[in-house]
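*Asks:* Take a look at the following structure, please.
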């Protein structure tokens, strides 16, 4: 098979302490620094020196109920990235923010400000929030149903897009001699009235360097795929096999084309959590060392949250009771639930084997091997149409990321699969995405040609 001409997209997906659920217990981890901004500034500078595309922070407006066993508190990502932008120049920043628990005007202003602060390096990971307990943090009696959240999310994206376009690119004149600062007929109220929102506008900050942040989405349900194909410019996804990854990749690209979009302008990025060592045996032993630190009570609760399968009180060294598994199959309406069922069907694990299987990446692909083996795996998925790149999920910080940068990236560069240096300064440049025209681009073009 001939090699694809483009380069890999590689983000560093930074999770509190690391992605393995027991990372905070590992001897080289620094859990006391989870709320220390200097840690993330070090990571950002290191990732930028390695020419990675972006740092990605997941987020949820709720505290994990199992904080007793796992380090899952976190800094708010938009605020954090403002501090990281100040100590970097090129690397992108992708922040998660919920369409269910933000207001469009506030979020549009925050992201536009961050795009200005960073010089155009921002992406928005659009989520509707699955955590039901978040509702009571915002004065709601109940969490909105799945379908309602996606319908609200559609309108939310429409509103913020209008707000980001409410200033034409040439609205600011700043003519000191005449005293004219801005052409007010180039700044527009959006006058939005919809099912969920009524927003007058305009935004109180001018159009940002990228026009708008890169739109990122992580849902793989039927609603999520439709939403992503319509809006997303990068899609974060989880797959255990190359076959399922290829099927997802082809489906998303075809759906996007159905919306009249260029499929090349949508980057499909599965997660990969690599345990890297000098030999395969050492890498396998390293993963096993992490799994030995798992607290089963935490893992079983995570499994129940994803699938509804309650295995508490059972012997974890025996096979999963098939009746409990089958009882949830008809309700597997989330992509992550289906992924877990696929693992069970394919591997028939014991309860312990299953929770170890999920401990490293919550359903994302976990690999244990040498730098060469990890590079081989990445190359295979890339050239065989399963991915445009990857979210690299270090099992622990900062050593897990260091091993990838020092060991795997030089091999990918030698194979001409990853950049030697940045070719632009914005996240859109890194991803090979165009700067979107504003809603008023035609008016601006007419003025320019007059």
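Just so you know, all these numbers are worked out from the coordinates, no wet-lab data involved. What you are looking at is a predicted structure, and each value in this text was computed from that prediction instead of being measured. For neighbour counting, all protein chains shown are included, and Cβ atoms are generated from backbone atoms with ideal geometry for every residue, glycine included.
*Asks:* In nm, to one decimal, how far is the modelled label at residue 246 from the one at residue 305, with both set 7 Å along Cα→Cβ?
*Replies:* According to this spin-label approximation, the distance is 3.4 nm.
*Asks:* Give the relative contact order (percent, whole number) for the stretch 98-186; include only Cα pairs under 8 Å separated by 6+ residues.
*Replies:* Averaging sequence separation for qualifying contacts and normalising by length gives 30 percent for the stretch 98-186.
*Asks:* To continue, here is another question. Between residue 148 and residue 347, what's the calculated FRET efficiency when r is the beta-carbon distance and R0 is 56 Å? Round to 0.05.
*Replies:* That gives a FRET efficiency of 0.95.
*Asks:* Where both partners of a DSSP beta bridge lie in the chain, what percent of those bridges are antiparallel, to the nearest 5? Can you show the working numbers first?
*Replies:* Numbers: 7 of 42 bridges.
So the antiparallel bridges amount to about 15 percent of the total.
*Asks:* Now for a different question. What is the gain in length, in nm to one decimal, between residue 169 and residue 86 on full extension, counting 0.36 nm per residue of separation less the C-alpha to C-alpha distance?
*Replies:* Gain in length upon complete extension: 27.4 nm.
*Asks:* Taking the 0 to 90 degree range and rounding to the nearest ten, how far is the long axis of helix 280-291 tilted relative to the main principal axis of the chain, both from C-alpha atoms?
*Replies:* 90
*Asks:* Separate question: Going by how many other beta carbons lie within 10 Å of each one, how would you line up 244, 27, fewest first?
*Replies:* Least to most surrounded, the residues fall as 27, 244.
*Asks:* Between residue 79 and residue 376, 0.36 nm times their residue separation minus their Cα-Cα distance comes to what?
*Replies:* 103.2 nm
*Asks:* Moving on. Run through the DSSP bridge list for the stretch 142-287 and note the antiparallel percent, rounded to the nearest 5.
*Replies:* Close to 50 percent.
*Asks:* Can you bin the stretch 269-391 into rounded, prolate or oblate? Criterion: square roots of the alpha carbon gyration tensor eigenvalues sorted a ≥ b ≥ c, rounded for a/c under 1.5, prolate for a/b above b/c, oblate for the rest.
*Replies:* oblate
*Asks:* Using a Förster distance of 30 Å, how high is the FRET efficiency between residue 442 and residue 113, based on the Cβ-Cβ distance and rounded to 0.05?
*Replies:* 0.65
*Asks:* Further, regarding this structure: Hey, what number do you get for the chain at 222 nm if only DSSP H runs of n ≥ 4 count, each worth -39500 (n - 2.57), divided across all residues, to the nearest 500?
*Replies:* That comes out to -12000 deg cm²/dmol.
*Asks:* May I ask you to sort 76, 442, 48, 287 by Cβ crowding, counting other Cβ atoms within 10 Å and putting the fewest first?
*Replies:* Listed from fewest to most nearby Cβ atoms, that is 442, 76, 48, 287.
*Asks:* As an exercise, find the ratio Rg/Rh for the stretch 1-141 from alpha-carbon atoms, using the Kirkwood inverse-distance average for Rh. If you can, show how the numbers build up before the last one.
*Replies:* Numbers: Rg = 16.5 Å, Rh = 16.5 Å.
My calculation puts Rg/Rh at 1.00.
*Asks:* Please determine, in degrees from 0 to 90 and to the nearest 10, the orientation of helix 146-164 with respect to the longest principal axis defined by the Cα atoms of the chain, where the helix direction is its Cα long axis.
*Replies:* 40
*Asks:* Taking a ≥ b ≥ c as the square roots of the Cα gyration tensor eigenvalues, with a/c under 1.5 meaning rounded and otherwise prolate when a/b beats b/c, else oblate, which class fits the stretch 252-291?
*Replies:* prolate
*Asks:* Translational diffusion coefficient, Stokes-Einstein: compute it for the stretch 109-196 using the Kirkwood radius over C-alpha pairs as Rh, at 37 °C and 0.692 mPa s, and state it as an integer in µm² s⁻¹.
*Replies:* Numbers: Rh = 16.1 Å.
Reported coefficient: 204 µm²/s.
*Asks:* On to the next question. Packing-wise, with mean Cβ within 10 Å as the measure, how do 365-376, 184-195 rank, highest first? Don't jump to the answer; show the numbers that get you there.
*Replies:* Details: 365-376: 20.0, 184-195: 14.0.
The peptides rank, most packed first, as 365-376, 184-195.
*Asks:* Here's a follow-up. Mind sorting 158, 64 by how few other Cβ atoms lie within 10 Å of their own Cβ, fewest first?
*Replies:* Ranking 158, 64 by Cβ neighbours within 10 Å, fewest first, gives 158, 64.
*Asks:* Still on this model: Could you check the spin-label model distance between residue 140 and residue 280? Points 7 Å from the Cα along Cα→Cβ, value in nm.
*Replies:* Reported label-point gap for residue 140 and residue 280 is 4.8 nm.
*Asks:* A further question follows. Apply the Debye scattering formula to the chain, with a single equal point scatterer on each alpha-carbon and no solvent, then give log10 I(q)/I(0) at q = 0.07, 0.08, 0.13 Å⁻¹.
*Replies:* So the normalised log intensities work out to -0.36, -0.47, -1.25.
*Asks:* Right, another one. Tell me, what is the percent relative contact order of the chain, built from C-alpha pairs under 8 Å that lie six or more residues apart? Display every interim value, and only then the final one.
*Replies:* Numbers: 783 pairs, mean separation 104.2, N = 450.
Here the relative contact order equals 23 percent.
*Asks:* Once the Cβ-Cβ distance between residue 37 and residue 204 is put in as r, and R0 is 25 Å, what FRET efficiency do you end up with, to the nearest 0.05? Mind dumping the intermediate values first?
*Replies:* Working: r = 27 Å, r/R0 = 1.09.
Step by step, r from the Cβ atoms, then E = 0.40.
*Asks:* Under 10 Å, Cα contacts only: if you run a Gaussian network model on the chain, which one of 337, 32, 231 comes out with the highest mean-square fluctuation?
*Replies:* Largest GNM mean-square fluctuation: 32.
*Asks:* Note the full-extension length gain between residue 191 and residue 288 as 0.36 nm times their separation in residues minus their Cα-Cα distance, in nm to one decimal.
*Replies:* Value of the extension gain: 29.2 nm.
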